[in-house]
1. Checking the condition surrounded by 17 or more Cβ atoms within 10 Å (Cβ to Cβ) and either modelled with pLDDT under 95 or over 20 Å from Arg65 (Cβ atoms) (or both), which residue from Gly184, Gly261 passes?
2. Among the residues of segment 306-333, write down those that are of a type in the set (A, V, I, L, M, F, W, C), surrounded by 14 or more Cβ atoms within 10 Å (Cβ to Cβ) and assigned to a loop (DSSP other than H, G, I, E, B).
3. Within segment 212-248, how many residues are farther than 28 Å from Asp193 by Cβ and either under 23 Å from the mean Cα position of the chain (by Cα) or surrounded by fewer than 17 Cβ atoms within 10 Å (Cβ to Cβ) (or both)?
4. Any chance you could count how many residues in segment 105-135 are in contact with a His (Cβ under 9 Å, 6 or more places away or on another chain) and surrounded by fewer than 20 Cβ atoms within 10 Å (Cβ to Cβ)?
5. Of all residues in segment 82-134, which are under 23 Å from Gln185 (Cβ atoms) and among the small types (Gly, Ala, Ser)?
6. Are there any pairs, at least 6 apart or on different chains, whose C-beta atoms fall under 8 Å, with the first in segment 179-203 and outside any helix (DSSP H, G or I) and the second surrounded by fewer than 18 Cβ atoms within 10 Å (Cβ to Cβ) and of a type in the set (Asp, Glu), and if so, which?
7. Restricting attention to segment 59-83, and to residues there that are over 23 Å from Phe359 (Cβ atoms) and of a type in the set (S, T, N, Q), which single residue is surrounded by the fewest Cβ atoms within 10 Å (Cβ to Cβ)?
8. If you check Thr292, Thr272, Thr288, which single one turns out to be surrounded by 17 or more Cβ atoms within 10 Å (Cβ to Cβ), out of contact with any Gly (no Cβ under 6 Å at 6 or more places or on another chain) and either assigned by TED's automatic domain parsing to the domain that holds Trp229 or in a loop (DSSP other than H, G, I, E, B) (or both)?
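The values are calculated or read from the model by the stated rules, or taken from the named source; none is laboratory data. Everything quoted here is computed from the prediction, not taken from an experiment. Positions of Cβ are backbone-derived with ideal geometry, glycine not excepted, and every protein chain shown enters the neighbour counts.
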Amino acid sequence: MRRRHLLGMAAAATAAAALPLSPARAAETSPKVLVIGVDGFVADRVRDANAPTLAKLQDTALDARSLLYTQPMAPTSSGPGWSTILTGVWPDKHKVVDNSFGGNDLKSYPDWLSTAKAARPEIQTWAAADWKPIGDHLFGDGIDATIVLDGDKDGYVEHDATIADETEAHLAKDAADATFVYFGQLDIVGHADGSGSQNYLDEIAVVDGFVSRLLAAVESRPTRAEENWLIMLTTDHGHLDSGGHGGDSLIERGTFILATGDGISAAKPVTTRLVDVAASALIHLGATPSDTMDGRAVTHEDSDPFQTVKLQPAVTEDIDAEILGWSPELPQGWSRDNAKLPEGGVTEWAGWSLVSDAFWSSAQRGQNRETFVRGRGTFAVADSDEWADTDAASGKTFDSTLWTPPVAANAKVTVRLTHLYRQEGEQRGEILASWDDGEPQVVRTLSTDVNGPDAIDVDRPSDAREVRIGFRLTGVNNWYWAVDDVRVA
């Protein structure tokens with residue numbers, strides 16, 4: 001039965017039995033997870049604030065920056081953001097598309113603490129938040145103890161301080177196997193004064209103090225030597241310099257996961273996404289994430305060959321030169337067939353190119369490119385719309401094919417990928433198979449929108465030894481096709 005943790009009452013908890021130390025620390029110590037959520041936190045502002053703890057974490061922890069979706073998937077607002085953090089799935093699954101939480105499917109995608117409790121009933125789960133809708137809609141029955149305050153009604157300054165006090169005490173004396181804590185005042189300051197204001201920096205300093213205290217509470221635990229901690233700091237969205245969020249600018253879409261703990265080394269991965277908070281927590285606790293979850297461990301080592309290509313700034317596109325997010329180069333063994341592509345289009349989109357989310361979405365905001373949230377780091381894009389943005393390409397047909405390296409063929413070949421395909425008019429996307437470098441055969445034609453993982457089974461001709469898979473896009477100033485994590489086996 002769920003029980004509320006009332007202020008002034010200690011949470012009932014029994015410390016986990018101490019386990020003996022050994023060289024295999026992570027395997028033989030008790031796993032613990034702490035997730036600290038700060039609403040509306042722009043990570044780039046830390047260096048300008050008096051925030052020594054956060055600045056040190058950005059230097060010594062795993063600092064993973066990423067971008068959110070925008071409309072039509074969901075705006076960059078708190079309801080979708082915290083639902084994504086706590087459930088580990090994107091808004092097209094949990095269906096939280098605004099702060100009303102109306103029409104959601106959270107029953108199908110519970111919070112990660114409740115999921116962990118279901119998998120391991122013996123652990124203690126604990127959560128605190130002062131944005132009341134989190135408690136009302138996202139804290140599930142699997143959380144042993146909760147603190148839910150109403151910052152909108154009573155103010156966040158005192159409630160944030162109360163939550164810091166309660167969480168510090170909880171971490172010092174309870175089992176604290178799985179803990180989530182939320183602070184809301186930074187978002188209030190962001191709305192009132194903007195993320196470019198001194199008041200915003202001053203509030204980051206307050207958050208820094210909270211984080212410092214919680215980290216110290218973990219380190220002061222009598223059983224700390226017998227524990228294996230994963231601590232993650234994250235946020236639901238960014239804030240404009242002038243204040244506000246919900247739109248599709250890079251600063252509003254900005255999120256991060258700052259991870260520290262036993263066995264976590266300093267790193268700045270580019271393939272992490274916000275859904276990885278929940279998956280990382282579950283994996284660390286020994287509770288296998290379901291196949292329906294979109295996330296993976298923050299420490300996952302990506303083997304996608306697209307990540308091996310060094311990206312560069314724009315050549316002709318009017319995109320911030322600080323965004324190193326495009327390359328005409330392809331990984332070893334991959335190739336591009338532009339034999340049927342006319343001259344005269346935009347250089348960056350002359351056939352299939354490798355890009356980052358920040359670069360591609362900056363080419364033209366508000367055209368659904370931002371919804372390719374399942375793409376990670378560097379991915380391949382064919383964009384007939386952006387290619388045609390010159391007079392010389394007007395009315396001409398975009399036609400380009402991306403080819404994988406040859407792969408030894410079994411009786412049945414399976415092509416797995418994650419892709420975003422946006423359909424318009426006579427545009428067509430084709431997945432091709434070329435056996436032993438023979439004439440390409442169409443194995444699937446795309447003529448409707450696609451956004452997510454996919455798998456295509458291809459029968460091998462009896463005498464074929466190897467296969468190459470191609471992705472061909474044709475269209476006249478239509479839309480685009482983004483492809484990531486292609487695996488042929």
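1. Working: Gly261 fails: either modelled with pLDDT under 95 or over 20 Å from Arg65 (Cβ atoms) (or both).
Going through Gly184, Gly261 in turn, just one is surrounded by 17 or more Cβ atoms within 10 Å (Cβ to Cβ) and either modelled with pLDDT under 95 or over 20 Å from Arg65 (Cβ atoms) (or both): Gly184.
2. First, pick out the residues of segment 306-333 that are of a type in the set (A, V, I, L, M, F, W, C): 306, 309, 311, 314-315, 319, 321, 323-324, 326, 330.
Keeping just the survivors that are surrounded by 14 or more Cβ atoms within 10 Å (Cβ to Cβ) gives 306, 309, 311, 314, 319, 323-324, 326, 330.
Hits for segment 306-333 are Val309, Leu311, Ala314, Ile319, Ile323, Leu324, Leu330.
3. Of the residues in that region, 10 qualify.
4. Summing the residues that are in contact with a His (Cβ under 9 Å, 6 or more places away or on another chain) and surrounded by fewer than 20 Cβ atoms within 10 Å (Cβ to Cβ) in segment 105-135 gives 3.
5. Ser83, Ser100, Ala127, Ala128, Ala129
6. Listed by first residue and then by second, the contacts come to Gly194/Asp241; Ser195/Asp241; Gly196/Asp241.
7. Thr60
8. Working: Thr292 fails: surrounded by 17 or more Cβ atoms within 10 Å (Cβ to Cβ); Thr288 fails: surrounded by 17 or more Cβ atoms within 10 Å (Cβ to Cβ).
None of the other options fit; the residue is Thr272.
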